[in-house]
Amino acid sequence: MTSSDSKIAKLGHIAVHTPDLDDSLWFFEEVMGFKVTERVDGTAYLRGMRDWEHHTLSVTESGRTGIDHIGFRTTTPEAVGELAEQFEANGTDVRRVAAGDERGQGSAIRIERFGHEYEFYYDVEKPKAPKEQRSKLLNRNYSEATANRIAPRRIDHCHVQDGVSAEHAAWLTGELGFNVNEQYRESDGELWGWWLSVTPLPHDIAIHRLPTGADPNLHHVSYHVDSREDLWECADILAEYGMEPEAGPGKHAITRADFLYVSDPASELCVELFAGPGYLNFEPDWETIEWQEDELGPATSHQWVGEGPDWYGVGIPYVD
């Protein structure tokens with residue numbers, strides 16, 4: 001199966017829990033510049049400046065932290081039912097979500113795979129920005145005049161981690177039609193990371209391997225910004241709020257994109273700002289790029305080829 005055969009169109013949204021919704025909205029709305037579509041019954045629905053769907057992030061006050069589900073939009077309305085039949089035929093329990101249970105969204109299905117909750121939907125509202133915030137440029141949603149200095153543009157990808165990543169990656173490619181654009185192999189010969197897509201982006205979802213038995217979780221959700229200068233601007237603004245990036249600004253070797261990571265103190269959701277986009281892949285015969293630890297560095301420090309700048313600054317110069 002190739003991505004052209006996939007019933008998955010794109011990453012749609014991430015849903016997370018928070019102990020305090022007001023505290024999380026301070027971070028997402030005031031500090032980061034997300035736009036709130038609506039707030040209903042303890043849940044805030046947010047999106048970036050150029051997101052079209054009702055929301056690409058939902059945050060629910062539930063007294064805890066953690067991911068609720070990862071939502072993917074399908075290519076057609078019929079694909080939701082087709083996926084349900086496919087999952088059930090393969091022995092996977094499928095739960096139905098009624099239209100409207102998740103604000104702005106039609107009926108959906110949810111499954112649990114490898115410790116991660118996945119949702120699949122097609123019908124979704126695409127509300128225009130409020131008139132006083134709307135862009136006069138018809139191919140944008142919110143006016144730049146309403147943005148703060150960070151203002152993520154659109155959802156880009158998510159990155160999960162678990163102890164069964166090889167099987168997880170095989171399921172994403174074999175059953176959902178993702179392509180593996182890049183992967184990383186450690187010195188012990190085991191694959192550690194996979195960057196997979198159904199769109200021309202370098203990845204719509206990435207996975208990396210945790211020790212067997214480790215709890216699966218969402219490593220981060222990523223939003224696109226226009227340029228690497230936006231990352232430095234974000235770092236300045238975080239400093240003004242008494243916060244600092246968890247990593248970056250820097251550049252990934254894998255995917256070739258510039259990055260910065262910061263987490264909401266309340267929900268603990270890690271948000272990556274992703275500038276670039278690194279590259280776009282339009283090749284129908286793309287061959288997976290495989291990185292080796294001895295040419296790239298350790299798994300958690302794969303930012304530059306060799307021993308160039310890493311998470312903490314400039315390391316030993318790379319010598320061929």
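Picking from 29, 53, 38, which residue would you name as being in contact with a strand residue (DSSP E or B) (Cβ under 7 Å, 6 or more places away or on another chain) and surrounded by 20 or more Cβ atoms within 10 Å (Cβ to Cβ)?
Values: 29 fails: surrounded by 20 or more Cβ atoms within 10 Å (Cβ to Cβ); 38 fails: surrounded by 20 or more Cβ atoms within 10 Å (Cβ to Cβ).
None of the others qualify; the one that does is 53.
For a quick check of your reading of the model, give me the residue pairs whose first member lies in the stretch 16-35 and is within 13 Å of residue 146 (Cα to Cα) and in contact (Cβ under 8 Å) with a residue 12 or more places away in the chain, whose second is of a type in the set (A, V, I, L, M, F, W, C) and part of a helix (DSSP H, G or I), with beta-carbon atoms closer than 8 Å and at least 6 apart or on different chains.
Listed by first residue and then by second, the contacts come to 34/28.
How many of the residues in the stretch 195-209 are more than 19 Å from residue 5 (Cβ to Cβ) and either touching an Asp or Glu at 6+ places or on another chain (Cβ under 6 Å) or among the small types (Gly, Ala, Ser) (or both)? Lay out the reasoning, then the answer.
In the first step, residues of the stretch 195-209 are kept if they are more than 19 Å from residue 5 (Cβ to Cβ); the result is 195, 202, 206-209.
With either touching an Asp or Glu at 6+ places or on another chain (Cβ under 6 Å) or among the small types (Gly, Ala, Ser) (or both) added as a condition, the list becomes 195, 206.
Result for the stretch 195-209: 2.
Please pick out the residue among 218, 231 that is within 21 Å of the chain's Cα centre (by Cα), under 15 Å from residue 195 (Cα atoms) and hydrophobic (A, V, I, L, M, F, W, C).
Numbers: 231 fails: under 15 Å from residue 195 (Cα atoms).
Answer to the selection: 218.
When you look at residue 73, is it surrounded by 13 or more Cβ atoms within 10 Å (Cβ to Cβ) and basic (Lys, Arg), yes or no? It would help to see each step written out before you state the result.
Numbers: surrounded by 13 or more Cβ atoms within 10 Å (Cβ to Cβ): yes; basic (Lys, Arg): yes.
When the stated conditions are applied, residue 73 passes them.
In the stretch 120-140, what count of residues is obtained for those that are surrounded by 17 or more Cβ atoms within 10 Å (Cβ to Cβ), under 22 Å from residue 224 (Cα atoms) and touching a Gly at 6+ places or on another chain (Cβ under 9 Å)? Show your work before the answer.
Residues of the stretch 120-140 that are surrounded by 17 or more Cβ atoms within 10 Å (Cβ to Cβ), as a first pass: 120-122, 124, 129, 135.
Cutting the leftovers down to under 22 Å from residue 224 (Cα atoms) gives us 124, 129, 135.
Those still in the list that are touching a Gly at 6+ places or on another chain (Cβ under 9 Å) too: 124.
Of the residues in that region, 1 qualify.
Every residue, every condition in (1) in contact with a Gly (Cβ under 8 Å, 6 or more places away or on another chain); (2) not in a strand (DSSP E or B), yes or no:
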| residue | (1), (2) |
| --- | --- |
| 215 | yes, yes |
| 224 | yes, no |
| 230 | no, yes |
| 253 | no, yes |
| 262 | no, no |
| 274 | no, no |
| 278 | no, yes |
| 285 | no, yes |
| 291 | no, no |
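Can you say whether residue 46 is without any contact (Cβ under 8 Å) to a residue 40 or more places away in the chain, among the aliphatic types (A, V, I, L, M) and under 22 Å from residue 199 (Cβ atoms), as far as the supplied structure shows?
Values: without any contact (Cβ under 8 Å) to a residue 40 or more places away in the chain: yes; among the aliphatic types (A, V, I, L, M): yes; under 22 Å from residue 199 (Cβ atoms): yes.
Answer is yes for this residue.
For the stretch 2-26, give me each residue that is within 19 Å of residue 264 (Cα to Cα) and touching a Ser or Thr at 6+ places or on another chain (Cβ under 8 Å).
Looking only at the stretch 2-26, we keep the residues that are within 19 Å of residue 264 (Cα to Cα), and these are 13-26.
Those that are within 19 Å of residue 264 (Cα to Cα) and touching a Ser or Thr at 6+ places or on another chain (Cβ under 8 Å): 13, 14, 15, 16, 17, 18, 19, 21, 24.
Got a sec? Which of 227, 263 is free of Cβ contacts under 8 Å to residues at least 24 places away in the same chain, of a type in the set (Ser, Thr, Tyr) and open to solvent by 20 Å² or more (accessible area, probe 1.4 Å)?
Details: 227 fails: free of Cβ contacts under 8 Å to residues at least 24 places away in the same chain.
Matching residue, one of 227, 263: 263.
Here are 148, 141, 181: which of them is under 28 Å from residue 255 (Cβ atoms) and within 17 Å of the chain's Cα centre (by Cα)?
On the way: 148 fails: within 17 Å of the chain's Cα centre (by Cα); 141 fails: within 17 Å of the chain's Cα centre (by Cα).
It is 181.
Only one of these conditions is not met by residue 59: (1) out of contact with any Leu (no Cβ under 6 Å at 6 or more places or on another chain); (2) surrounded by fewer than 20 Cβ atoms within 10 Å (Cβ to Cβ); (3) within 21 Å of residue 158 (Cβ to Cβ). Which number is it?
(2)
Can you tell which of 194, 232, 171 is at pLDDT 95 or above, surrounded by fewer than 21 Cβ atoms within 10 Å (Cβ to Cβ) and aromatic (Phe, Trp, Tyr)?
Values: 194 fails: surrounded by fewer than 21 Cβ atoms within 10 Å (Cβ to Cβ); 232 fails: at pLDDT 95 or above.
Among 194, 232, 171, only 171 is at pLDDT 95 or above, surrounded by fewer than 21 Cβ atoms within 10 Å (Cβ to Cβ) and aromatic (Phe, Trp, Tyr).
The values are calculated or read from the model by the stated rules, or taken from the named source; none is laboratory data. Just so you know, these numbers come straight off a predicted model, no measurement behind them. Ideal geometry is used to build each Cβ from the backbone, glycine not excepted, and the neighbour counts take in all protein chains shown. The accessibility values were calculated without ligands, DNA or RNA, using every heavy atom of the protein model including side chains. Shrake-Rupley method; radii C 1.70, N 1.55, O 1.52, S 1.80 Å.
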